[in-house]
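Novice: I'd like to ask some things about the structure below.
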Amino acid sequence: MTDTAVTRISALSRELERQYPARHALWLEFGGCRIQVRSNSEPLLAALRDYFGDLIQAGRTAKPDVLIRAYEAPPPRFGHALRDWPREAGKSGQKEQFFDLVHDLGDARVGAIDLVDHQDHR
């Protein structure tokens, strides 16, 4: 990823955390991989707890292998046109949008950033 892209993504991440602090958390474990999901949305984490059931772990203190932050917030402006991810046959409505870093930023090492609007998944 280009230094410019990393700087912009890092700045956006810091700004989202400043405006919408991810104060709630849950832990998942998939085959020994510890994942912490942090969010400013307790209803989102409650829905994830229901969905993942037995994979939910009690509060952990060890560092996660993967940290995911999910913000309930207006869509961020990346300065790039987002494209709709094609839906599966027989399904309708918008599910995900993305922008292609290779095409839009000229970086061959990273293919795409996937942005999910979790409101569609409730």
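The values are calculated or read from the model by the stated rules, or taken from the named source; none is laboratory data. Everything numeric in this text was worked out from a predicted model, so none of it was measured. Every residue, glycine as well, gets a Cβ built from its backbone with ideal geometry; the counts of neighbours run over all protein chains shown.
Novice: List the strands (runs of 3 or more DSSP E) that sit entirely inside segment 4-122 and contain at least 3 residues that are at pLDDT 90 or above and over 14 Å from the mean Cα position of the chain (by Cα).
Specialist: It comes to 24-30.
Novice: Would you say Ala58 is closer than 14 Å to Gln19 by Cβ, exposed (fewer than 14 other Cβ atoms within 10 Å of the Cβ) and hydrophobic (A, V, I, L, M, F, W, C)?
Specialist: no
Novice: Could I ask something else about it? State the number of residues belonging to segment 22-48 that are of a type outside the set (A, V, I, L, M) and closer than 19 Å to Pro74 by Cα.
Specialist: Matching residues across segment 22-48 total 8.
Novice: I've got another one for you. Out of (1) surrounded by 12 or more Cβ atoms within 10 Å (Cβ to Cβ); (2) out of contact with any Pro (no Cβ under 6 Å at 6 or more places or on another chain), the odd one out for Arg34 is which?
Specialist: Among (1) surrounded by 12 or more Cβ atoms within 10 Å (Cβ to Cβ); (2) out of contact with any Pro (no Cβ under 6 Å at 6 or more places or on another chain), Arg34 violates only (2).
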